[in-house]
Every structure is written in structure tokens, then in C-alpha cells.
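Participant: The structure under discussion is supplied below as C-alpha cells; questions concerning it will follow.
The values are calculated or read from the model by the stated rules, or taken from the named source; none is laboratory data. Predicted, not measured: the structure shown is a model, and the values here were computed from it. As a convention, Cβ positions derive from the backbone with ideal geometry for all residues, glycine included, and neighbour counts pool all protein chains shown. Note: accessible area is taken over every heavy atom of the protein model, side chains too, but ligands, DNA and RNA are not part of it. Shrake-Rupley method; radii C 1.70, N 1.55, O 1.52, S 1.80 Å.
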Amino acid sequence: MKKLLGAAFFCAALTGAAAAEPPVVVELYTSQGCSSCPPADEILARLAKKPGVIALALHVDYWDYIGWKDAFARPEHTKRQKAYAAKAGARTIYTPQMVIGGIDHVVGARPMDVVDLLGIHKARPPVMQLTARRVGEDVQIDGTPPVPAQGALLVQLVRYAPEQTVAIERGENAGLTMSYANIVRDWQVLGEWDGSAALEMRVAAPGEAPAVVIVQKPGPGAIVAAARVK
């Protein structure tokens with residue numbers, strides 16, 4: 001009963017988010033080989049449908065040794081999670097972990113904690129406006145200088161697969177068929193921006209894979225702005 005009530009509250013709490021409000025970025029560090037991850041994967045799938053959230057699944061490779069190799073796993077995802085941990089002063093990394101807005105870390109299978117943190121981030125006033133749109137095979141990125149100033153910022157382009165279903169044959173989740181949402185395939189740092197003048201950048205992004213642009217403090221640190229590529 002508690003699980004059902006939690007899921008219902010989770011869905012209700014995210015209903016009605018305005019499409020125009022600045023989205024909050026949620027990164028889920030997960031693995032097909034982790035028995036604790038399926039509930040978090042389901043939460044991320046629900047988040048992926050919300051206009052006020054940019055939900056991204058970063059599959060890590062450190063569970064591959066226990067019998068099932070996650071085809072979505074990338075060593076750079078593990079490296080990014082370790083960098084977050086170092087920034088936070090944590091000695092270990094784990095799955096499922098969600099990082100919200102680049103600064104708040106939470107167990108990804110705890111929907112109430114996720115909802116609370118999303119509410120906190122949504123209540124914060126934006127410090128800049130960011131847009132990203134397709135121009136042929138390119139993406140045009142435009143942003144206003146942050147107010148207040150944020151110092152050096154990284155401009156990043158993330159490509160992802162919206163959904164993919166996997167039949168897991170071995171490992172801790174053997175026998176499960178899982179549908180995964182917003183699977184990160186490429187995370188590219190486009191360059192550093194000092195924020196003193198307007199951001200204007202055009203980058204190549206061939207293919208039909210959806211993309212988002214993320215402006216973030218180095219570290220990785222706080223995410224200052226994010227936008228879906230339209």
C-alpha cells in the first residue's frame with residue numbers, strides 16, 4: 001500500500017508543470033546489472049514525460065562484471081558520477097543515484113525525496129535564458145548573460161535515445177524485460193563560456209536523435225540553465 005500511495009503522490013506532485021518554465025535536469029546513474037535500479041528507472045521514465053524536467057539516464061559500467069554487460073553503459077558516465085562524488089566529498093558511488101540540478105544527490109528509488117528536491121529547484125528564479133533550435137544538421141544555441149554572474153561555465157550538448165526495451169538474460173535482473181527512457185548516448189562539452197556577453201553558438205548535430213543543451217559550472221557543479229533542442 002505504501003508503494004502505491006507513493007507512486008500516486010509522485011505522479012500528482014508533478015502534474016501541471018508549465019511547459020514554458022525553465023526545466024530542471026535530473027541525471028539518473030543506473031545499470032541493467034543492478035537489482036535496486038528498476039524502480040528508479042521507472043521513476044525516470046515518468047519524469048521524462050514531464051515538461052518541467054529534463055530526465056537523463058546515464059548507465060554506468062561498474063556492474064558489468066557480475067554477469068550482464070549493460071550495452072548502454074559508458075565509462076565516461078562512471079567518470080562523471082565519480083566527479084560529482086568528489087565534488088560533494090563522498091568516498092563512494094552507487095546505483096541508483098539521481099543528481100538534481102547538478103548539486104543535490106538522492107537515492108533514485110525514493111520518489112518522495114525526488115519530488116521534494118524538484119520542488120526546491122523549480123522555485124528558484126532563473127539566472128539566464130537559454131534556447132536551442134535546429135538549423136538543418138546544426139543546433140543554434142543562444143543565451144543571455146547570467147544575472148548574477150556565475151563565473152566560467154561549460155556549454156554541453158547531450159544526445160539521447162528516447163526509449164529502448166531490453167530483455168535481461170543474466171545477472172541480478174535476469175528474466176526481466178525493462179524499458180529504459182532518455183538513454184544518454186553522447187555527452188559533449190562544446191566549450192567554456194565566461195558569461196560576460198550573450199551566448200551565440202552553432203554546432204553540428206547530425207541525425208535524428210533528440211538533444212538538450214546544458215550550461216553548468218565546472219566540477220561538475222550546479223546546472224545554471226538547460227534547454228531542449230527544438
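Participant: Do you know the relative contact order of the chain, to the nearest whole percent, from alpha carbon pairs under 8 angstrom that are 6+ apart?
Facilitator: Value for the chain: 23 percent.
Participant: Farthest toward the dipole's positive end in the chain, which of TYR180, GLY108, LEU130, given Cβ charges of +1 (Lys, Arg) and -1 (Asp, Glu) about the Cα centre?
Facilitator: Towards the positive end, the residue furthest out is GLY108.
Participant: Just need the relative contact order of the range 74-166 here, percent rounded to a whole number, with Cα pairs under 8 Å and 6+ apart.
Facilitator: Reported as a whole number, the value is 12 percent.
Participant: Any idea what the relative contact order of the range 59-101 is, in percent, if you count C-alpha pairs under 8 Å spaced at least 6 apart?
Facilitator: Relative contact order here is 29 percent.
Participant: Would you count, across the chain, every pair of lysines whose alpha carbons are under 28 angstrom apart, provided the pair is eight or more residues apart or spans two chains?
Facilitator: Lysine pairs meeting both conditions in the chain amount to 29.
Participant: Quick check: at a probe of 1.4 Å, how many percent of the accessible area of the chain sits on carbon and sulfur atoms?
Facilitator: Ligands and nucleic acids excluded, carbon and sulfur reach 56 percent.
Participant: I would also like to ask the following. Please find, in a Gaussian network model of the chain (springs between Cα atoms separated by less than 10 Å), the residue of ALA57, ALA167, ALA85 whose mean-square fluctuation is greatest.
Facilitator: So, out of ALA57, ALA167, ALA85, the one fluctuating most is ALA167.
Participant: Each residue of the range 189-204 in turn: what ³J(HN,Hα) in whole Hz from Karplus with 6.51, -1.76, 1.60 and θ = phi - 60°, glycine and Pro shown as x?
Facilitator: 7, 7, x, 9, 10, 8, x, 7, 10, 4, 8, 9, 8, 10, 10, 6
Participant: Restrict the search to the range 69-135; then list the trypsin sites (Lys or Arg not before Pro) that DSSP places in a loop and that have at most 11 other Cβ atoms within 10 Å of their Cβ.
Facilitator: Answer by residue number: ARG91.
Participant: Still on this model: How charged is the neighbourhood of CYS37? Take every other residue with its Cβ under 11 Å from the Cβ of CYS37, and add Lys/Arg as +1 and Asp/Glu as -1.
Facilitator: -4
Participant: Counting other Cβ atoms within 10 Å of each Cβ, which GluC sites (Glu not before Pro) in the range 76-170 have at most 13 and sit in a DSSP loop?
Facilitator: GLU137, GLU169
Participant: Can you give me the accessible area per residue for the chain, using a 1.4 Å probe, in Å²?
Facilitator: 48
Participant: Which percent, nearest 5, of DSSP beta bridges in the chain are antiparallel?
Facilitator: 85
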